[in-house]
């Protein structure tokens, strides 16, 4: 079982809503996902632009899915539109990731 999955299971047992919980730094950078299910990035300014752009991704860690990204809208390079959702429901994670770029 992945460390992220085990950590989320423990928080859930404590009665916490883990849907938008931030991961501790050591977990968020030390573990690669078991699977990347979806990724899409919108680059309205061109393929060679090196700035941050709106994107959505869904990654699986054990029996948990992490949907995350940067919200579309306004300036494509504006910071502060990051979002995330942890869920055990694969379809919900995919629907959320696609909807955030619509």
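So for the stretch 70-82 (the condition being at pLDDT 90 or above, surrounded by 12 or more Cβ atoms within 10 Å (Cβ to Cβ), closer than 27 Å to residue 3 by Cα and under 11 Å from the mean Cα position of the chain (by Cα)), does at least one residue qualify? Scanning the stretch 70-82 turns up no residue that is at pLDDT 90 or above, surrounded by 12 or more Cβ atoms within 10 Å (Cβ to Cβ), closer than 27 Å to residue 3 by Cα and under 11 Å from the mean Cα position of the chain (by Cα).
Considering only residues of the stretch 22-34 that are part of a loop (DSSP other than H, G, I, E, B) and out of contact with any helix residue (DSSP H, G or I) (no Cβ under 6 Å at 6 or more places or on another chain), which is surrounded by the most Cβ atoms within 10 Å (Cβ to Cβ)? Let's see the steps before the verdict.
First, the residues of the stretch 22-34 that are part of a loop (DSSP other than H, G, I, E, B): 22-24, 31-34.
Still in the list and also out of contact with any helix residue (DSSP H, G or I) (no Cβ under 6 Å at 6 or more places or on another chain): 22-24, 32-34.
Details: 22: 8, 23: 19, 24: 12, 32: 9, 33: 17, 34: 16.
So the residue we want is 23.
The values are calculated or read from the model by the stated rules, or taken from the named source; none is laboratory data. Here the structure is a predicted model, which is why all the values come from computation and not from measurement. Note: ideal-geometry Cβ built from the backbone for every residue, glycine included; neighbour counts use all protein chains shown.
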